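Q: Supplied in structure tokens, the structure appears directly below.
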Amino acid sequence: MNHWSKHVLLVALAGFVLTATAAAQRKTVAPQQSDRPLLGPQLGVGTDHFKLFIGGQFAYPVAKQFDVYPSLQIYFPGSGVSAWGLYATGRWWAPLSMPNAGLYVGGGLNYTHTSAAGFGHGSAALALLGGWDFKAVKVRPFAELRAVVGGDYDRIDIGGGINFKL
């Protein structure tokens, strides 16, 4: 793991600990994730030559403040290179006592595959994420930050999208 990846991992871990500590001190606890599965498109930018991406995600609630959150992102790095990333993650929803609270953090695994001139290469890594889900009536816009660390394609992805209740 390179020097940059260690800093990202430490910042993500500190954010998780601070969020969990603040949430534990609150008296009112309400789950913030959807009570129904969600599906939607996403758009964003990545670092380390991954540039623009499009994708989609699915969220399925499995516990009061936890959902599974698989997603796929297709990157457009240019120069005859194609790339995609598959995420198998889970999200924990911080129990905040405020209107429209939608803070979540999570993690899991990422598999990134690149190919150029007929040759392909894949790498598995740790995926960390955090974001905010803006709970509207029928659609749920969101913004999130993902860090991929520990593989051949360490990067930060910044994106967002819309989730639709199924």
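Q: Filter the range 89-124 down to the residues that are of a type in the set (A, V, I, L, M) and more than 13 Å from Gln33 (Cβ to Cβ) and list them by number.
A: Residues of the range 89-124 that are of a type in the set (A, V, I, L, M), as a first pass: 94, 96, 98, 101, 103, 105, 109, 116-117, 124.
Those that are of a type in the set (A, V, I, L, M) and more than 13 Å from Gln33 (Cβ to Cβ): Met98, Leu109, Ala116, Ala117, Ala124.
Q: Hey, can you tell me all the residues within the range 126-158 that are open to solvent by less than 40 Å² (accessible area, probe 1.4 Å) and under 27 Å from Ser79 (Cα atoms)? Give the steps one after another, and end with the answer.
A: First, the residues of the range 126-158 that are open to solvent by less than 40 Å² (accessible area, probe 1.4 Å): 127-131, 133, 140, 142, 144, 146-149, 151, 153-157.
Within the range 126-158, Ala127, Arg146, Ala147, Val148, Val149, Gly151, Tyr153, Asp154, Arg155, Ile156, Asp157 qualify.
Q: Another question about this same structure. For the range 45-65, what are the residues that are closer than 16 Å to Leu129 by Cα, at pLDDT 95 or above and open to solvent by 10 Å² or more (accessible area, probe 1.4 Å)?
A: Within the range 45-65, Val45, Gly55, Gly56, Phe58 qualify.
Q: Which members of the range 111-166 meet the condition of being of a type in the set (Ser, Thr, Tyr) and touching a Leu at 6+ places or on another chain (Cβ under 9 Å)?
A: Going residue by residue through the range 111-166, those that are of a type in the set (Ser, Thr, Tyr) are 111-112, 114-115, 123, 153.
Result: Tyr111, Thr112.
Q: Turning to a different aspect of this structure: So which residues in the range 71-125 are open to solvent by 50 Å² or more (accessible area, probe 1.4 Å), small (Gly, Ala, Ser) and assigned to a strand (DSSP E or B), if there are any at all?
A: Step one: list which residues in the range 71-125 are open to solvent by 50 Å² or more (accessible area, probe 1.4 Å), which gives 72, 74, 76, 79-82, 84, 86, 88, 92, 97-100, 109, 111, 117-121, 124.
Add one more test, that the residue is small (Gly, Ala, Ser), and what stays is 79-80, 82, 88, 97, 117-118, 120, 124.
Ser82, Ala88, Gly120, Ala124, listed by residue number.
Q: Check whether at least one residue in the range 148-162 is at pLDDT below 95, in a strand (DSSP E or B) and of a type in the set (Phe, Trp, Tyr), and report yes or no.
A: Taking every residue of the range 148-162 in turn, none turns out to be at pLDDT below 95, in a strand (DSSP E or B) and of a type in the set (Phe, Trp, Tyr).
Q: Here are the criteria: (1) touching a residue at least 40 places away in the same chain (Cβ under 8 Å); (2) under 15 Å from Leu38 (Cβ atoms). Tell me which single one Phe66 does not satisfy.
A: Of (1) touching a residue at least 40 places away in the same chain (Cβ under 8 Å); (2) under 15 Å from Leu38 (Cβ atoms), only one is false for Phe66: (1).
The values are calculated or read from the model by the stated rules, or taken from the named source; none is laboratory data. In this text, all values refer to a predicted model and were calculated from it rather than measured experimentally. Ideal geometry is used to build each Cβ from the backbone, glycine not excepted, and the neighbour counts take in all protein chains shown. Remember, those area values only see protein heavy atoms, side chains included, never the ligands or the DNA or RNA. Shrake-Rupley method; radii C 1.70, N 1.55, O 1.52, S 1.80 Å.
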